[in-house]
Amino acid sequence: MITLIIALYLALLTFRLGLYALNNRHLKVHGHEIPAGFETVVDPETLAKSSTYTLAKGQLSLVRELFDSAITLLFIFGGLLAWYDGWLGGYALGFISAGLVFFLLLSLVQALLGVPFDLYSHFRLENRFGFNKMTFRLWCTDQIKSLLLSTLFMGLLATAALWLIQAAPHTWWLWVWALLVAFGLLMMVISPYVIEPLFFKFEPLQVDGLEEEIRAMMAKTGLSVSKVLQVDASKRSGHSNAYFTGLGKQKRVVLFDTLLEQLSKEEVLAVLAHELGHMKKKHIVKRMSLMAVVALFYCWLVHTLIGWPGLPQLVGLSEASFYARVVLLFFLFSILSFPLTPLFSLLSRRDEYQADRFACDLHGNPEGLATALVQMSKENLANLHPHPFYARFYYSHPPVVERVERLRDHGKATR
């Protein structure tokens with residue numbers, strides 16, 4: 001069984017690496033071709049830079065994928081999990097205390113192993129293409145804040161979950177699921193007020209008349225927003241974005257200052273109309289509901305399998321603590337759930353197309369969203385030539401060339 005699990009894990013790794021290679025080879029063949037409709041914005045020099053950037057990111061992702069996979073196999077099958085489990089068990093801690101230390105230490109080690117890749121990504125790769133705006137001091141400050149916040153929230157969540165497991169040994173899977181759902185909703189509520197201001201400076205929109213037009217556009221949909229803000233994203237990156245945050249009447253519109261510099265007012269409104277489409281079509285609620293159902297299934301499955309005597313033997317262990325068994329189950333789940341990746345990507349792309357159509361109907365200017373996407377793809381050096389199979393498998397958004405083509409076809413059809 002050990003050989004079978006390792007073989008299956010390596011087969012999936014080979015498949016993922018094959019997708020990377022397929023995508024990169026496709027880009028090398030077609031990366032010099034300027035797509036129809038992009039000629040006035042994307043020149044050959046920009047296209048070449050975009051291709052080089054995509055390939056560089058792909059190479060970094062490839063190295064990280066191999067590194068993470070090697071560490072995972074070493075930890076599960078190389079004796080590290082057994083050693084770690086036995087070492088911690090020697091301290092005779094209580095159920096909650098031992099579990100808290102077990103998961104927090106693993107989380108800390110995982111974060112530390114990712115530091116070299118984050119450093120290279122920000123200060124070599126992103127610097128090379130002009131995107132990184134962070135100083136090393138700011139990067140360190142962000143890392144410390146992130147580590148402290150993740151430790152705090154993970155500690156609180158783990159403590160509550162372990163207490164529920166101890167208090168309700170037969171029904172804990174349902175209570176832990178409810179805890180996870182409630183925690184996710186709580187984070188959505190407090191994040192705009194507690195977490196995001198620790199990293200970014202938010203201020204009222206500085207573009208004259210834009211806030212009034214945003215509110216008027218939202219009023220057409222029957223939605224309202226508490227604040228329209230811009231954020232100093234340019235202190236960290238040259239990439240651009242816009243999003244809605246918060247729940248209920250406390251929703252906010254947040255625009256990156258980089259986006260405001262790159263797009264015209266009409267294009268910004270078109271982008272926000274797309275985001276409004278997600279809200280009006282209840283895509284966020286539907287995705288959260290789907291994830292809640294998936295989480296419920298996983299909680300039940302963990303509860304069902306956690307006590308199975310043969311579980312440790314699947315990876316060559318004679319025994320394992322409750323916490324080590326949780327790690328083993330999620331390792332196995334990661335293998336079994338991998339085929340669902342293209343399904344979730346498909347559902348996400350469907351939502352994006354629906355939001356695009358909504359934006360066209362609301363804003364009445366499909367060309368505005370099309371030109372915004374073209375401009376953003378240029379500024380962000382987006383890959384204009386992903387391999388179709390790679391895109392179907394991994395892309396949560398439709399390839400930008402396909403989106404622009406559909407938007408312009410929609411504009412012609414409604415004239």
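The values are calculated or read from the model by the stated rules, or taken from the named source; none is laboratory data. Note that the structure is predicted; figures quoted are calculated from it, not measured. With ideal geometry, Cβ positions are generated from the backbone for all residues, glycine too; neighbour counts draw on all protein chains shown.
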Requested in this report: Taking residue 21 as the residue in question, decide whether it is in a helix (DSSP H, G or I), at pLDDT below 95 and not assigned by TED's automatic domain parsing to the domain that holds residue 127.
Outcome: yes
Requested in this report: Quick one: residue 372 ticks every box in (1) in a loop (DSSP other than H, G, I, E, B); (2) in contact with a helix residue (DSSP H, G or I) (Cβ under 6 Å, 6 or more places away or on another chain) except a single one, so which number is it?
Outcome: (1)
Query - Residues satisfying the stated conditions in the stretch 385-415, i.e. over 18 Å from residue 20 (Cβ atoms) and in a loop (DSSP other than H, G, I, E, B) - result: 397, 398, 414, 415
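Okay, residues lined up against (1) among the aromatic types (Phe, Trp, Tyr); (2) surrounded by fewer than 12 Cβ atoms within 10 Å (Cβ to Cβ); (3) over 30 Å from residue 234 (Cβ atoms):
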{"residue": "181", "(1), (2), (3)": "no, no, yes"}
{"residue": "202", "(1), (2), (3)": "yes, no, no"}
{"residue": "208", "(1), (2), (3)": "no, yes, no"}
{"residue": "214", "(1), (2), (3)": "no, no, no"}
Report summary line: Among the residues of the stretch 252-276, the number that are crowded, with 22+ Cβ neighbours inside 10 Å and of a type in the set (Asp, Glu) is 1
Report task. Could you tell me whether any residue of the stretch 112-124 is charged (D, E, K, R) and farther than 28 Å from residue 330 by Cβ? Result -> yes
Query raised in the report: Within the bounds of the stretch 328-336, is there any residue that is surrounded by fewer than 19 Cβ atoms within 10 Å (Cβ to Cβ), in contact with a Lys or Arg (Cβ under 9 Å, 6 or more places away or on another chain) and at pLDDT below 95?
Result: no
Requested in this report: Kindly indicate whether residue 123 is within 26 Å of residue 72 (Cβ to Cβ) and of a type in the set (Phe, Trp, Tyr).
Outcome: no
Report summary line: For the stretch 337-353, pairs from a residue that is farther than 10 Å from residue 395 by Cβ to a residue that is part of a helix (DSSP H, G or I), with Cβ under 6 Å and 6 or more apart or across chains, are 338/12; 351/283
Query raised in the report: Given (1) without any contact (Cβ under 8 Å) to a residue 24 or more places away in the chain; (2) in contact with a helix residue (DSSP H, G or I) (Cβ under 8 Å, 6 or more places away or on another chain), where does residue 106 come up short, assuming only one miss?
Result: (1)
Query raised in the report: Could you say which residue among 130, 89, 99, 79 is touching a residue at least 40 places away in the same chain (Cβ under 8 Å), at positive phi and over 22 Å from the mean Cα position of the chain (by Cα)?
Result: 130
